[in-house]
1. Summing +1 for each Lys or Arg and -1 for each Asp or Glu, what net charge is found among the other residues whose Cβ lies under 12 Å from the Cβ of Lys103?
2. Spelling out what I want: for every residue of the range 116-122, take phi, set θ = phi - 60°, compute 6.51 cos²θ - 1.76 cosθ + 1.60 (Karplus), and round to whole Hz; glycine and proline get x.
3. Using a 10 Å cut-off on Cβ atoms, rank the peptides 57-63, 112-118, 16-22 from the highest mean neighbour count down.
4. Kindly flag which residue pairs out of Lys68/Lys90; Lys68/Lys96; Lys69/Lys90; Lys67/Lys96 have an alpha-carbon separation exceeding 29 Å in this structure.
Amino acid sequence: MPSEDYTSTPSTGKLKLKGVKDSRITKKRKNKTSKDEKSSGDTVDDNSVILKKLEEEDLEIRREEKKKKGKSEELRDDDAEDPELGVRVKTEAERKYDEQRRKRLDDRLKREGVKTHKQRVEELNRYLSGLSEHHDMPRIGPG
């Protein structure tokens, strides 16, 4: 009897997600710090000092590795120019692209000039008034 295949069975509970043992929704709450932790503010300063020391050690290690590779260039104290330290250096193609974009922007500003918002709106209204009526949307419905 194929009709029995489609009969509904009473549900025995809520649906469960696969791979999830506990399906309860818990709100994320900040853990309240005890008074002991608040009074020990020195640990934050100690941690920042330790982090600074670790960063300095990392810089020293990188400098030593560069010297070992045989590069005659020495690292400057200026870390901003070092590509290994997270500063992105643009390629030649990227530099050319930026130059072309700047030139196009300058040309457009020379052509159009510096316009206020009011002037732009007036120009748009003049353009729209010059368009033929077939661009207008026809009315649909009674009226």
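1. Net charge around Lys103: +2.
2. These are the phi-based 3J(HN,Hα) values: 7, 4, 4, 5, 5, 5, 4 Hz.
3. Top to bottom by mean Cβ count within 10 Å: 57-63, 112-118, 16-22.
4. Beyond 29 Å between Cα atoms: Lys68/Lys96; Lys67/Lys96.
All of the numbers you see were taken from the coordinates with simple rules; none came from a lab. Bear in mind that the values here come from a model prediction, so they are computed numbers and not experimental data. Because the Cβ atoms are built from the backbone with ideal geometry, glycine has one as well, and the counts that use them run over all protein chains shown.
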